[in-house]
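Student: One structure, as structure tokens, below. Some questions next.
The values are calculated or read from the model by the stated rules, or taken from the named source; none is laboratory data. Everything numeric in this text was worked out from a predicted model, so none of it was measured. Quick reminder, even Gly has a Cβ in these numbers, built from the backbone with ideal geometry, and neighbours come from all protein chains shown.
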Amino acid sequence: MRKAIAVGLVALLAMYFLGGMSARHEIFPWPQLSQLRKMVGAEKAVAPSRYTFDDKERLIGDESKTAVTCPTQTDRTAVLLILGQSNAANEGGQRYRSNYGARVVNAFDKQCFIAASPLLGSTDTKGEYWTLLGNKLIASGQNDSVILAPLAYSGSEVARWATGGDLNPVLVDTTKQLQDSGYRITSVLWVQGEKDLVMSTTADAYQKRFMSMVDTLRQHGVAAPVYISIASKCLEPSN
């Protein structure tokens, strides 16, 4: 008798659970277990980023930026066009901000913002040293105001900056925006070459493509000197 009762209970339980599963989990405790699983296993919502990027991953928006009136250029204003790859972009290990308020600004898209890492106009969201340079130029008494106009893409080879490269039109557009804002570029700062070392670009090919970029600047009214940075080789052979 007991054996028959036990078999009957097992059969009832089996029918209950199998029935619950076959009924699209609508019988207790399946709905509750399903909800619990969703609560425990649910992915954490991704926090909204303060940053906005364009289709080439260049930083074009940062909610933390402080917009200011663009300073009027005088003979004591440095307008720096910053070009190159990661060492010129926002890939630095240290962040800086203007020690002089609106006297050191980040110019981007015909607007000005108090300079602070990361700078609008380049890729990545880490640190950079251009804001520090602006602080030092003012501290030294060499300049009264500094306009930083970054346009640097991590991992970009020189061919992308030359005529026919995908970054050449962006260079032209950035130059035009500065000119439309009433700025005359006083220095062009070039920090690039690691990518071409990895790609084994020859010296002749590099020079030709680099001069093509310089010609683009000259053709669009930029007469400023172009300063080429010499980077040290460190860590890995590719660097």
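Student: For the stretch 151-178, enumerate the residues that are surrounded by 17 or more Cβ atoms within 10 Å (Cβ to Cβ) and outside any helix (DSSP H, G or I).
Tutor: Once the filter is applied, which keeps residues that are surrounded by 17 or more Cβ atoms within 10 Å (Cβ to Cβ) and outside any helix (DSSP H, G or I), the stretch 151-178 yields Leu151, Ala152, Tyr153, Ser154, Ser156, Glu157, Trp161, Ala162, Gly165, Leu167.
Student: Can you tell which of Thr72, Thr52 is modelled with pLDDT of 95 or more, farther than 22 Å from Val226 by Cα and either assigned to a loop (DSSP other than H, G, I, E, B) or over 17 Å from the mean Cα position of the chain (by Cα) (or both)?
Tutor: On the way: Thr52 fails: either assigned to a loop (DSSP other than H, G, I, E, B) or over 17 Å from the mean Cα position of the chain (by Cα) (or both).
The match here is Thr72.
Student: Moving on. Do the conditions hold for Asp75, that is, is it of a type in the set (Asp, Glu) and farther than 24 Å from Arg160 by Cα? Before you say what the answer is, go through the steps one by one.
Tutor: Values: of a type in the set (Asp, Glu): yes; farther than 24 Å from Arg160 by Cα: yes.
So Asp75 passes the test.
Student: Restricting to the stretch 179-198, name every residue that is more than 24 Å from Glu91 (Cβ to Cβ) and buried (at least 17 other Cβ atoms within 10 Å of the Cβ).
Tutor: Let us first name the residues in the stretch 179-198 that are more than 24 Å from Glu91 (Cβ to Cβ), namely 179-184, 186.
Those that are more than 24 Å from Glu91 (Cβ to Cβ) and buried (at least 17 other Cβ atoms within 10 Å of the Cβ): Ser181, Tyr183, Thr186.
Student: Need pairs with beta-carbon distance below 7 Å; first residue assigned by TED's automatic domain parsing to the domain that holds Gly101 and among the β-branched types (Val, Ile, Thr) and within the stretch 54-66, second surrounded by fewer than 19 Cβ atoms within 10 Å (Cβ to Cβ) and not in a loop (DSSP other than H, G, I, E, B); sequence gap 6+ or separate chains.
Tutor: Every condition considered, the pairs that remain are Ile60/Thr52; Ile60/Phe53; Thr66/Ile114.
Student: If a residue must be assigned to a loop (DSSP other than H, G, I, E, B), surrounded by fewer than 21 Cβ atoms within 10 Å (Cβ to Cβ) and at pLDDT 95 or above, how many such residues does the stretch 92-107 contain? It would help to see each step written out before you state the result.
Tutor: Within the stretch 92-107, the subset assigned to a loop (DSSP other than H, G, I, E, B) is 93-96, 98-100.
With surrounded by fewer than 21 Cβ atoms within 10 Å (Cβ to Cβ) added as a condition, the list becomes 93-96, 99-100.
Right, trim to at pLDDT 95 or above and you get 94-96, 99-100.
Matching residues across the stretch 92-107 total 5.
Student: Right, something else. Among residues belonging to the stretch 198-234 that are among the β-branched types (Val, Ile, Thr) and over 18 Å from Val79 (Cβ atoms), point out the one that is modelled with the lowest pLDDT.
Tutor: So the first thing to find is which residues in the stretch 198-234 are among the β-branched types (Val, Ile, Thr), and the list is 198, 201-202, 214, 216, 222, 226, 228, 230.
Still in the list and also over 18 Å from Val79 (Cβ atoms): 198, 201-202, 228, 230.
Working: Val198: 90, Thr201: 95, Thr202: 97, Ile228: 97, Ile230: 85.
Across the stretch 198-234, the extreme among qualifying residues is Ile230.
Student: Condition test on Lys110, is it in contact (Cβ under 8 Å) with a residue 40 or more places away in the chain, out of contact with any Gly (no Cβ under 6 Å at 6 or more places or on another chain) and surrounded by fewer than 19 Cβ atoms within 10 Å (Cβ to Cβ)? Lay out the reasoning, then the answer.
Tutor: On the way: in contact (Cβ under 8 Å) with a residue 40 or more places away in the chain: yes; out of contact with any Gly (no Cβ under 6 Å at 6 or more places or on another chain): yes; surrounded by fewer than 19 Cβ atoms within 10 Å (Cβ to Cβ): yes.
For Lys110, the condition - in contact (Cβ under 8 Å) with a residue 40 or more places away in the chain, out of contact with any Gly (no Cβ under 6 Å at 6 or more places or on another chain) and surrounded by fewer than 19 Cβ atoms within 10 Å (Cβ to Cβ) - is met.
Student: Looking at (1) loosely packed, with under 15 Cβ neighbours inside 10 Å; (2) within 19 Å of Thr125 (Cβ to Cβ); (3) not charged (D, E, K, R), find the lone condition where Leu59 falls short.
Tutor: (1) is the only condition that Leu59 fails.
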